[in-house]
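So the structure is just underneath, and the comments pick up after that.
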Amino acid sequence: MNPLWIVAHREFTTRVRKRSFLIMTILGPVFFGLLLVVPALLTQIPEGSKKLLVVDHSFLLTGERGVEGASFQFLEPTDSALSQGKAILQSNSEWDGLLYLPSTENGDPDIILRSGKLFATTDLSLALEESIESLLEQKAYEQKLRLAGVDPSIVKQSESFANITTVEFGEKGREQASATGLKMALGLAGGFFVYIFVFLYATQIMRGVIEEKTSRIVEVIISSVKPFQLMLGKIIGIAGVGFLQFFIWVGLSGVLYVVLSSTLLSGTLDPSPVESLQTQAGQSHAVGLEVITAMQSIDFPLILSAFLFYFIGGYLLYGALFAAVGSAVDAEADTQQFMLPLTLPLILSIIVATKVMESPGSPLSFWFSIIPFTSPVVMMIRLPFGVPAWELALSMSLLVLGFLGTTWIAARVYRIGILLYGKKLTYKELWKWIRSSQ
Amino acid sequence: MIQAVHISKHFSGHTALNDVSLHIPKGSLYGLLGPNGAGKTTFLRILNQIIEPDSGHVLFDGRPLQRKDIAHIGYLPEERGLYKKMAVGEQALYLARLKGLTRAEAKNRLKYWFEKLEIDGWWDKRVEELSKGMAQKIQFVTTVLHQPDVLIFDEPFSGFDPIAAQQIRNEMLALHQAGTTILFSTHRMESVEEMCTHIALINQSRKVLDGSVGDIIRSHRTHTYRITYRTSHDGPMPPEAFSPFVVLSDESLPLGAWQPGRIAHVQLPKEAGLNALLPSLILNAEVLSAEEIVPSMNTIFIQTVQG
């Protein structure tokens, strides 16, 4: 048997048999499941309603009973109402705050809003503050209309909402309903998973290399196999672990999700992050039907195969470099100086994720999805929005070239690094290794 | 068996090996001696094809060394270890398979060795549960398991307590008896000459001396003899009694000696033997002992390097 496969086989079996693999494999989907469900559940938990005293000299809030998360109790707006209210607030813990709006001579709402105050005895949430503010703004707006002699109800009637369905007019003239929200969710999930997996498993390669170096077995092994075979075998073996874990996770996550959403959340809410994202994207109407039609517009086989490709490509690209770092140091603590420049592009691609989602066709999106160090994550984000075939082909071929290149560089560092003990390395020396023939 | 021809190797900033040629004969027990940093490990790594020489080449059994020859070589590096978390048996199997043994073959041979070394209870133990000495036994087994024609040990005695070092030495001698060619390096030159058939001295990346131990010692002998004797008057022997041999020194035995007497160092002409001296000595004194001072490897090394 080719020693490469013997090495890969060992890397695979020793990891898969570890208890930590079993635990991670079981806890992974639980974790992901919770990641999907918990935020949805949390937003559903109603915050205890606050009670606010209101001293309103301006009569701006007359007739209002409260806002979401707080109810109002008006005090007679006498001259001493403010000090009375403050006294109540101090003596009675039943009240959470006091909203004070002064009167103005000409009733200018802007001045009222500017000099209004909210005295709080407990922490009032930002959301509550905001809803009070928007209520005031609304009231001031109506007041201004009235001052200008316009009936607010007429203004209200003349408002209308537009909800245009974006239709992708494809090359073949096929009209497809587009659902930006769904695409964003899909792109983000794809990019994020590539990021997590590349990080997770590339780090495992590095740990493995360091383990071989610190346990001093590496020279024994490379007297039987070439250093490159050992490195590649490790990369392949750990990739196998990654795939196995990934497929188990996907399966279990699916099962768990179905179980959770059908039992825990039956009917009360739909925790799907897809929908919550869609809500954010401003498409709260007729979500169900649109999702289904939008789903049909997305090329799932393409995205799935691209996911596998970009995961493997990104993993190989970074894995080789991580292996080189592992070989160049004596202990994991020494990896910091080399890890930062390596992980920077990966982190950067997550940072630009929102920008890419906002405009998938921008130059930023284009370049980040072409350059091999960021393309695995960024291309996954772009993909659901549709990417020209030539861009995808360019990105993929560059990624292949990229990992061939990093593997070549890594192999040169690796074969020298693994035999070197107790030496603090500099970039200058690394560069020498890369250039030297042996 | 192995012939290194004009091997040179440079690392950034220094020369590890400078035009080193060595011939390691089949069946020899070859000691590669030299101080730390002389280039021994680099040389052994080149033989194991872990690194390549900048210039020069290695012949294995008369033809250029090839990748497949690793199956005929067993190597125990100076920096040696095992996967700590892996079970002993599985690990030994893994290393054996990397050397080209099939699983079944490896299992059979391991069984034999584990029984021989009385370690068959360790198969499922993890390496981290073993003592250092136990781990070294496993390393030794995995090095010899594929029955290599050539065994290469880098500093095999370093890190061992004296008893374990003796065990390793005995195993090496046994393998040598069985016909295996053994090459090992050490920076401790004492006590090596009596176990090696051949040695080479490497100093500052150059080979300074090599050959069979007998030849080397013969070529470095000074024909100096140490003779202890006692005259009837407890004084020195008349100088003419040693004639025509050169007397280098003649002193009383130290006070702590268990019997009174004197000790003389004399140098004999190259063609003469001890027998030529003894008759006149016996006439003048009681000879307590007489022996040639054979230069130690250490002495030869220092002489060679300094001279």
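The values are calculated or read from the model by the stated rules, or taken from the named source; none is laboratory data. Since we're looking at a predicted model, the values are computed, not measured. So basically every Cβ, Gly included, is an ideal-geometry build from the backbone, and we count neighbours across all protein chains shown.
What to note about this one:
- Candidate set: region A:399-438, residues that are aliphatic (A, V, I, L, M) and more than 23 Å from A:E212 (Cα to Cα); chosen: the one farthest from the other protein chains (Cβ to nearest Cβ): A:L399
- Test result for A:G267, modelled with pLDDT of 75 or more and either assigned by TED's automatic domain parsing to the domain that holds A:G319 or over 23 Å from the mean Cα position of the chain (by Cα) (or both): no
- Within the option set B:L110, B:L22, being among the aliphatic types (A, V, I, L, M), in a helix (DSSP H, G or I) and more than 10 Å from chain A (Cβ to nearest Cβ) holds for one residue only, B:L110.
- Residues within region A:189-209 that are of a type in the set (V, I, T) and surrounded by fewer than 24 Cβ atoms within 10 Å (Cβ to Cβ), tallied: 2
- Residue count for region B:81-103, restricted to those that are charged (D, E, K, R) and either more than 7 Å from every other protein chain (Cβ to nearest Cβ) or in a helix (DSSP H, G or I) (or both): 4
- Residue pairs whose Cβ atoms lie under 7 Å apart, sitting 6 or more positions apart in sequence or on different chains, and linking a residue in region A:188-217 that is on the phi > 0 side of the Ramachandran plot to a partner that is modelled with pLDDT under 90, are A:R216/B:E79; A:R216/B:R80; A:R216/B:G81.
- Qualifying residue in region B:223-237 (condition: under 29 Å from B:Q306 (Cα atoms) and acidic (D, E)): no
- Counted residues, region B:43-70 - those being facing chain A (nearest Cβ under 10 Å) and over 21 Å from the mean Cα position of the chain (by Cα): 8
- Set side by side, the residues B:I216, B:I152 differ, and just one is within 30 Å of B:L277 (Cβ to Cβ) and surrounded by 15 or more Cβ atoms within 10 Å (Cβ to Cβ), which is B:I216.
- B:K9 meets each of the listed conditions (1) of a type outside the set (A, V, I, L, M); (2) assigned to a strand (DSSP E or B); (3) more than 12 Å from chain A (Cβ to nearest Cβ) apart from (3).
- Among the candidates A:L302, A:L342, A:L364, residue that is assigned by TED's automatic domain parsing to the domain that holds A:G191, in a helix (DSSP H, G or I) and within 24 Å of A:W408 (Cβ to Cβ): A:L342
- Exactly one residue out of B:S219, B:S280 is assigned to a helix (DSSP H, G or I), of a type in the set (S, T, Y) and within 25 Å of the chain's Cα centre (by Cα): that is B:S219.
- Boolean, B:P25 is without any contact (Cβ under 8 Å) to a residue 24 or more places away in the chain and in contact with a His (Cβ under 9 Å, 6 or more places away or on another chain): no
- Qualifying residue in region B:172-180 (condition: at pLDDT below 90 and either farther than 23 Å from B:I46 by Cα or not aliphatic (A, V, I, L, M) (or both)): no
- Inter-residue pairs, beta-carbon under 6 Å, first assigned to a helix (DSSP H, G or I) and in region A:131-142, second surrounded by 16 or more Cβ atoms within 10 Å (Cβ to Cβ) and not acidic (D, E), 6+ apart: A:S131/A:V67; A:I132/A:V67; A:L135/A:V67; A:L136/A:L113; A:K139/A:L60; A:A140/A:P109; A:A140/A:L113
- Those residues of region A:87-130 which are in a loop (DSSP other than H, G, I, E, B), within 14 Å of A:D56 (Cα to Cα) and hydroxyl-bearing (S, T, Y), in sequence order: A:S103, A:T104
- Residue ID - surrounded by the fewest Cβ atoms within 10 Å (Cβ to Cβ), chosen from residues in region B:29-54 that are in contact with a Leu (Cβ under 8 Å, 6 or more places away or on another chain) and of a type in the set (S, T, Y): B:T42
- Lone qualifier among B:A165, B:A174, B:A264 - being touching a Pro at 6+ places or on another chain (Cβ under 9 Å) and part of a helix (DSSP H, G or I): B:A165
- Total residues in region B:85-128 satisfying the condition of being of a type outside the set (A, V, I, L, M, F, W, C) and in contact (Cβ under 8 Å) with a residue 40 or more places away in the chain: the figure is 6.
- Residue within region B:71-80 that is touching a residue at least 60 places away in the same chain (Cβ under 8 Å), more than 10 Å from chain A (Cβ to nearest Cβ) and not in a helix (DSSP H, G or I) present: no
- Residue list for region A:307-324, filter: within 19 Å of the chain's Cα centre (by Cα) and of a type in the set (G, A, S): A:G314
- Region B:1-22: number of residues that are out of contact with any helix residue (DSSP H, G or I) (no Cβ under 6 Å at 6 or more places or on another chain), surrounded by fewer than 21 Cβ atoms within 10 Å (Cβ to Cβ) and either farther than 20 Å from B:S212 by Cα or without any contact (Cβ under 8 Å) to a residue 60 or more places away in the chain (or both): 11
- For A:V225, the requirement of being within 9 Å of another protein chain (Cβ to nearest Cβ), touching a residue at least 12 places away in the same chain (Cβ under 8 Å) and out of contact with any strand residue (DSSP E or B) (no Cβ under 8 Å at 6 or more places or on another chain) is met.
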